[in-house]
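One structure below.
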Amino acid sequence: MKNISKATIAGLTVAILGLSLSFSSFADNDIDRKAKRAEIRAQFDADGDGELNDTERQAAKEAFKAKRRERIDTDGNGEISDAERTAAKETRRAKMIEKFDTDGDGQLNDAEKKAAKEKHRKKTVKRFDTDGDGELNETERNAAKQAREKHREQRQENRQVNRDS
């Protein structure tokens, strides 16, 4: 034990602090998510029962769609042009780079892409892991796949509506 250098102790201390900070950010993310859900529930729970029924959930979806459209429709004409869609996509890409570009080179290398994919995988598991075993079984994977397909279909429909508007 006497042979441990001060540099080793400092390195271990930094590693422990880094891990504790990363775990606290995961906890903060969960707290933020719970707070956001409570805020949404309070805003759209018209009947005051503490839950969102189908009508209230639909009202929340419509409000979020309108807010998204307002954010993307930068010229305020009520339509989302291809240029505005491209700009929104670039904004999302820039946020991903900002979030996962650990080496600061302005691009995502293979390790950074892997980290982004892993975070997405964990979110998917958390959302669809109904039996709580930390993995997706075939039924849970199928539910995730159906949700992804439904999301893509809705996105495609929204694009078509925007083009027709």
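Every number in this text was worked out from the coordinates using simple rules, so none of it is lab data. It should be emphasised that the depicted structure is a prediction, and the values quoted were computed from it without experimental measurement. With ideal geometry, Cβ positions are generated from the backbone for all residues, glycine too; neighbour counts draw on all protein chains shown.
Checking the Cα-Cα distances for LYS123/LYS145; LYS117/LYS145; LYS36/LYS65; LYS34/LYS145; LYS34/LYS123 against a 19 Å cut-off, the pairs over it are LYS34/LYS145.
In order along the range 44-53, the Karplus-derived 3J(HN,Hα) couplings, from 6.51 cos²θ - 1.76 cosθ + 1.60 at θ = phi - 60°, round to 10, 7, 5, 8, x, 8, x, 10, 9, 7 Hz, and Gly and Pro are given as x. Computed from backbone phi, the HN-Hα couplings of the range 153-159 come to 4, 5, 5, 5, 4, 4, 4 Hz, rounded to whole numbers (Karplus: 6.51 cos²θ - 1.76 cosθ + 1.60, θ = phi - 60°; Gly and Pro given as x).
Phi-derived couplings, Karplus 6.51 cos²θ - 1.76 cosθ + 1.60 at θ = phi - 60°, listed residue by residue for the range 55-64: 5, 5, 5, 5, 4, 5, 4, 5, 5, 5 Hz, with x used for Gly and Pro.
Calculated FRET efficiency, LYS99 to THR55, Cβ-Cβ distance, R0 = 35 Å: about 0.50 to the nearest 0.05. Over all Cα atoms in the range 55-159, the spread is summed up by Rg and Dmax: 17.2, 48 Å. Only Cα pairs under 8 Å and 6+ residues apart enter the sum, and on that basis the relative contact order of the range 47-165 stands at 17 percent.
ARG41 sits among other residues whose Cβ lies under 12 Å from its own Cβ, and their net charge, with Lys and Arg +1 and Asp and Glu -1, is -2. For the pair ASP47 and LYS122 in one chain, pulling the backbone fully straight at 0.36 nm per residue adds 23.6 nm over the alpha carbon distance. Under a 5 Å amide H cut-off, with hydrogens placed 1.01 Å from N, ASN109 pairs with nothing among residues at least 5 apart or on other chains.
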